[in-house]
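One structure is given here, and the rest of the page talks about it.
The values are calculated or read from the model by the stated rules, or taken from the named source; none is laboratory data. From a predicted model like this one, the values you see are computed outputs, not experimental measurements. Using ideal geometry, Cβ is built from the backbone for each residue, glycine included, and neighbour counts are taken over all protein chains shown. The protein model used for the area step is the full one, side chains on, heavy atoms only, and it has no ligands, DNA or RNA in it. Shrake-Rupley method; radii C 1.70, N 1.55, O 1.52, S 1.80 Å.
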Amino acid sequence: MGVLMGTSARSILRPINSSTNTIIKVSLFFFLATPPLSVLSIDMLVTDNKKLHNTNMYKNPNLIVRRNKEFTVIVSFDRPFNNQLDSVQLEFVIGSTPDENKGTFITVSIGKNKRDILWQARVVTTQGNDIMVGITPDPNCIVGRFSTFVTVVTDFGKQRTQKNSDTDVYVLFNPWDPADQVYMPKDTERQEYLLNEVGTIYNGDYNNMTSRSWNYGQFQQGVLDACLLVMDTGKVPLIYRGNATEIVRQGSALMNSQDDNGVLVGNWSSDYSLGTAPTAWTGSPEILLKYAREGCVPVCFAQCWVFAGVLNTFLRCLGIPARIITNYCSAHDNTGNLKTDIVLDESGNVNKGRTRDSVWNYHCWNEVYMKRPDLPEKYSGWQVVDCTPQETSDGLYRCGPTSVKAVKEGELSYPFDARFVFAELNSDVVYHQSDKYGNLKIIYVDAGYTGKLIVTKKPNSNGYDDITSNYKYPEGSEMDRQTMQNAERRGVTTRDYIPLTEAGVEIELLADTIKMGDDFMLTMNIKNQSSKTCTIRTTLTGCVVFYTGVTSTFFKSEKKNATVGPRKTQTLKINVQAFEYMPYLVEQSNLQFIVYGRIDETGVSLSTMKVITLRPPELVLRVSGTAQVGKDLMVSVEFRNPYKFILKNVQLRLDGPGLIQTKLKTYREIISGGFLQYVDTITPMSPGRKMLIACLDCAALRQVTNQLEINVM
């Protein structure tokens, strides 16, 4: 008798006794012996999924998706999938010891015995032997690279596909989704703070702002893997990697090399012979890829804007909205007592040996946009994070995240590092005078010098946003006074300075924008706001300073006296010649002038400070031809040495995402009056507005940069 196959019982009718025509019914059940499924292939539908997940900009062949948003894959079997009889699991694994309870081993299932833990799955369509499965990662899942497996489950065991790196999937934060911790509601802000590959970093000083473009390059090939490698090298536990607060705090520590062989070595010494000068970098990809390529050896060297630039890339690459902030006149207050002390000698000259504190001309940090589940709801939003190694926090050189709103209100007891950030913005500059015995007395307090101006790049613009009001109430206002009282209740040292007699006189220093190597005139305005004539004796001290406010060499001291009538202003001019300061310039060419004044009639003293950033010579960028994808474009970089000295060991970098990979040229020297022209061909790789960035750097001349916007058709 032949075997009858089917999916239900069959009956066979056979006559037993023909004489009685009695028919006996014999039921024989033959169950279909369904052969087990075999997986032939997995199609991750990379192109379609990336477009839907806003990840198509990443130059990476693998699938990249965002949390809490469905992606689809097609699994091909050797026969049609039966939803009632077949059981199939899709597994997503991260780390060396996968564990369902820790979110490092994710299982979703289709077919019979369907069971989902954390992630969700559904059958979207079935066509022949192919089945399209929709998978939705949990909104709080770990961010990183998961291996993908398909497992067929039968009564006899499990058959699992082999590991295949081509089917690995990267899961990122999702600022488009309200359920994600980093949700950002406005699309214009997501375009700027997440998807923009080039930014502007502001420097100089608050009344003579300068800027430089920076290539974040978060989508460049290899950068995403390098960012994940940073966390692996820093041994960031996988269970932390779904929490944006933890990743930001860990990233703050891992960008510097102080504790953990992080990405960058800080250096403010002026000696960069063992690496690259901080001023010479044009972007983050060169740094991150070098770190990954050379076995996670920290890259030399960085200062605040380099640290901030690389951290910005790290955050945006992982899907966290981030931006770079510049705080002009930023106090470095390592005691948290809101005092920056400047000591003058009896003659009014700065006592370099006793002046330890400093006010940075500018300091760059980052802000990230996120919910803070650990804080009251109103303190979510922008958070300060700073990876420049200044002070330790919980034993590591890091800072933040700390709520910008909490800092503004003086609510300094919430994590993390709010007191330090508050001091950077609100420290008083306290001028002391030392007598011949070394005794100090306070002669003047400038309560409004620090945190003068706080800026960031404006969305969809090359201009800047003044965000000072996000951090501070107007100086001297009632709300400002309440903030200081609140800060004191939260542990900030009370400002119990000796009450000072009002001088009734104000000194103001002014100077126009000055090119490095030029003579210039410094203007001192003495404003007598009293009803009596006063005679004031002043001492002006000029010194070269680093942008951190640390003094280098004193080059000028000049005394000026004036008699000023009631309610009058007298202007004095001080001539500063290039030969006085040029031999002593350091780094970014900053000159600091401090004036000490004493009023004869009252004996009252006063002081003020002014920093001037000298503008470097111009670097010219030219493009000839029409900018089109795949079409060569001629680029020219031109520079003339205007100085009477030779520029030696000159580096020239050319950079621009979507235009050119970072290119470095070196020149042994550029003689006095010498002209450099570098010509190259670039081939735009993608359409849209692009930024070409150039930087010329050598020991005698820093911060020579320029950028050119190119609209690629």
> Could you say which residue among VAL152, VAL171 is assigned to a strand (DSSP E or B), aliphatic (A, V, I, L, M) and more than 21 Å from the chain's Cα centre (by Cα)?
Replying inline: VAL152
> So ALA700 clears everything in (1) under 23 Å from the mean Cα position of the chain (by Cα); (2) open to solvent by 50 Å² or more (accessible area, probe 1.4 Å) except one condition, right? Which one?
Replying inline: (1)
>> So if I check each of ILE325, ILE342, which one is open to solvent by less than 20 Å² (accessible area, probe 1.4 Å), within 30 Å of THR538 (Cβ to Cβ) and in contact (Cβ under 8 Å) with a residue 60 or more places away in the chain?
In response: ILE342
> What are the residue pairs meeting all of these: first residue in the stretch 623-639, first residue open to solvent by less than 70 Å² (accessible area, probe 1.4 Å), second residue at pLDDT 95 or above and part of a loop (DSSP other than H, G, I, E, B), Cβ atoms under 6 Å, and 6 or more apart or on different chains?
Replying inline: PHE639/LEU619
> What are the residues in the stretch 579-593 that are open to solvent by 30 Å² or more (accessible area, probe 1.4 Å) and not in a loop (DSSP other than H, G, I, E, B), if any?
Replying inline: PHE579, GLU580, MET582, PRO583, TYR584
> How many residues does the stretch 110-124 hold that are within 17 Å of THR72 (Cβ to Cβ), among the β-branched types (Val, Ile, Thr) and surrounded by fewer than 15 Cβ atoms within 10 Å (Cβ to Cβ)?
Replying inline: 1
> Restricting the first residue to the stretch 451-479 and requiring it to be over 20 Å from TRP214 (Cβ atoms), which pairs with a second residue that is open to solvent by 40 Å² or more (accessible area, probe 1.4 Å) and of a type in the set (A, V, I, L, M) meet a Cβ separation below 6 Å and a spacing of at least six or different chains?
Replying inline: TYR473/MET479
> Just for strands (runs of 3 or more DSSP E) wholly inside the stretch 1-84: which have at least 2 residues that are modelled with pLDDT under 90?
Replying inline: 10-17, 22-28
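For the stretch 182-214, what are the residues that are more than 30 Å from LEU621 (Cβ to Cβ) and open to solvent by less than 20 Å² (accessible area, probe 1.4 Å)? Full working, then the answer.
Kept after step one, since they are more than 30 Å from LEU621 (Cβ to Cβ), are these residues of the stretch 182-214: 182-187.
If the condition is that a residue be more than 30 Å from LEU621 (Cβ to Cβ) and open to solvent by less than 20 Å² (accessible area, probe 1.4 Å), then VAL182, MET184 are the ones that fit.
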> Out of all the residues in the stretch 369-395, which are assigned to a strand (DSSP E or B) and open to solvent by 50 Å² or more (accessible area, probe 1.4 Å)?
Replying inline: TYR369, THR392
>> Being in a strand (DSSP E or B), in contact (Cβ under 8 Å) with a residue 60 or more places away in the chain, open to solvent by 40 Å² or more (accessible area, probe 1.4 Å) and not aliphatic (A, V, I, L, M) is true for just one of GLN651, GLN677. Which residue is that?
In response: GLN651
> Say we look at the stretch 606-622 and pick out the residues that are part of a loop (DSSP other than H, G, I, E, B) and open to solvent by less than 10 Å² (accessible area, probe 1.4 Å); which of these is nearest to ASN207 (Cα to Cα)?
Replying inline: LEU614
>> Of all residues being open to solvent by less than 30 Å² (accessible area, probe 1.4 Å) and free of Cβ contacts under 8 Å to residues at least 60 places away in the same chain in the stretch 419-450, which is nearest to SER347 (Cα to Cα)? Just the residue, please.
In response: GLY438
>> So for the stretch 686-696 (the condition being of a type in the set (Val, Ile, Thr) and open to solvent by 40 Å² or more (accessible area, probe 1.4 Å)), does at least one residue qualify?
In response: no
> Of all residues in the stretch 258-312, which are in contact (Cβ under 8 Å) with a residue 60 or more places away in the chain, out of contact with any strand residue (DSSP E or B) (no Cβ under 8 Å at 6 or more places or on another chain) and more than 20 Å from GLN588 (Cβ to Cβ)?
Replying inline: LEU288, LEU289, ALA292, CYS296
> If you take the residues of the stretch 40-60 that are of a type in the set (A, V, I, L, M, F, W, C) and surrounded by 18 or more Cβ atoms within 10 Å (Cβ to Cβ), which of them is farthest from ILE110 (Cα to Cα)?
Replying inline: VAL46
>> Can you tell me how many residues within the stretch 350-368 are aliphatic (A, V, I, L, M), open to solvent by less than 10 Å² (accessible area, probe 1.4 Å) and touching a Ser or Thr at 6+ places or on another chain (Cβ under 8 Å)?
In response: 0
